Amino acid sequence: MRTPVTIIGAGLGGLTLARVLHVHGIPATVHEAEPSPTARSQGGMLDIHDDTGQPALRAAGLIDEFRGLVLEGHQATRVLGPDGTVLLDEPDDGTGGRPEVQRGELRQLLLDSLPAGTVRWGRKATGARALGDGRHEVTFADGGTVVTSLLVGADGAWSKVRPLLTDAVPEYVGTAFIETYLFDSDIRHPASAKAVGGGSMSAPVPGKGIQAHRESGGTLHTYVALTASQEWLAGIDFTDPAAAAARIAEEFDGWAPELTALITDGETAPVPRPLHALPNGHRWDRVPGVTLLGDAAHLMRPSGEGANLAMLDGAELGRAIAAHPDDTEAALTAYEQAMFPRSAEAADDADRIHEFCFGADTPHSLINLLTGHEQVH
Ligand SMILES: Cc1cc2nc3c(=O)[nH]c(=O)nc-3n(C[C@H](O)[C@H](O)[C@H](O)COP(=O)(O)OP(=O)(O)OC[C@H]3O[C@@H](n4cnc5c(N)ncnc54)[C@H](O)[C@@H]3O)c2cc1C
């Protein structure tokens, strides 16, 4: 086969693609902006779904290694009222189809499965241009360039490859998450640890909520969700962590202290994450020699599916390239024809899940969703 497949971005999607290509004996190079695998905390738990992330790992030949990373008991789910009343408490009985792993460990598993030198660290793409005949040149912040006959943008929400295919840009969806961490919670924050329980906890009211997840080592990882303008968010001084936490906690005045402590007792500076999305159903006309996967292709509201979809895209694209070794366009067409409707449906589901979580009928709508009385598709 021709030149190595050039992948921009070593997130879960780009690495799954590189790995599946490797399994099929197809060389790939991954250019990653970060200077090293440990440059940024990959914090957070991911539940890996049996219809998306798990088949991707199977295609990557890593399902057994993945099983070794699963944190038992973390599929437990709770819904609490603002006063701390437990409204739903579903323990992890081991039968759920969504085992939880640490994102950083999953990424490392993929990295370790690639031939040495596959990932080029510190290679931040700044732009890409078409050279004709399906070839593209990518430029990097370090002054380097690469020319390739098969370019894949796996570079996330703010993809530098996407403009080759579409003018679409992510827009703010009107919701911001604010991220906080409490460490060693059973000892240091027992009331909050008890409120969160063994897995994930949501305490929503219409338009806002506190959601937390127990990670390994008793870490409580919280995403506070607020319906807010970007101007409102910009008015909070996040360089002053205590004042920022106090300002966010004000939005939950009168809530149970074990819930607001997830904000005010945060042991890292609170991080604002304004949520953006591409238009639902975003697609493009086939452009020879280039495609996108994961958030670069279909950034959507968080619904617990984005990383899973990125991995499935990577696996499916890898398989399509392997199935059409002498016909890149046939491979990219097959991949995109399946990916477009899959991600459009997932984006619609993500909007519905948001409505169940934070719409007018929450927490009842969320409880109905979690107990299977409401379904998104
Ligand atoms: C708050 C929040 C919570 C979430 N929770 C979940 C969850 O529980 N479960 C789930 O499945 N999904 C979740 N998601 C979604 C999930 O994180 C993303 O959908 C997923 O990470 C997308 O994977 P990706 O490989 O496409 O992109 P990314 O993970 O964003 O990876 C892109 C990679 O490209 C690199 N890169 C970026 N720009 C460049 C450049 N110019 N040049 C070179 N490299 C570049 C980045 O450094 C990164 O390594 C959540 C998202 C948010 C915002």
Relative to the present Cα-Cα distance, how much length would full extension add between Thr268 and Leu87 at 0.36 nm per residue of separation? 62.2 nm
How compact is segment 171-277 by the rule of thumb for globular proteins, expressed as Cα Rg over 2.2 N^0.38 Å? 1.01
Quick one: in the chain, what % of C-alpha pairs are over 34 Å apart? 29
Provide the gained length on full extension for the span Ala157 to Thr333, in nm with one decimal, where the gain is 0.36 nm per separating residue minus the Cα-Cα distance. 61.1 nm
So, in nm, how far is label Arg129 from label Ala141 when the simple model puts each one 7 Å beyond its Cα toward the Cβ? 2.1
Using the Cα centre of the chain as origin and beta-carbon charges of +1 (Lys, Arg) and -1 (Asp, Glu), tell me which of Phe66, Pro163, Ser303 is placed farthest towards the positive end of the dipole. Pro163
Pairing the Cα long axis of helix 328-358 with the longest principal axis of the chain, what angle in degrees results, from 0 to 90 and rounded to the nearest 10? 10
Rg and Dmax of segment 1-143, Cα atoms, in Å? 19.1, 63
Roughly how many Å is it from the Cα centre of segment 260-319 to that of segment 8-78, as a whole number? 14
Quick check: pseudo-label points 7 Å beyond the Cα along Cα→Cβ at Glu231 and Thr95, how many nm apart are they? 5.2
Angle, helix 241-250 long axis vs. longest principal axis of the chain, Cα atoms, 0 to 90°, nearest 10? 60
Residue-normalised 222 nm signal for the chain, counting each DSSP H run of n ≥ 4 as -39,500 (n - 2.57), nearest 500 deg cm²/dmol, is -10000 deg cm²/dmol
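Any read-out appearing in this document is the output of simple, stated calculations on the displayed coordinates, not a laboratory observation. Note that this is a predicted model, so its numbers are computed, not measured. Here the Cβ is made from the backbone with ideal geometry for all residues, glycine too, and neighbour counts use every protein chain on show.
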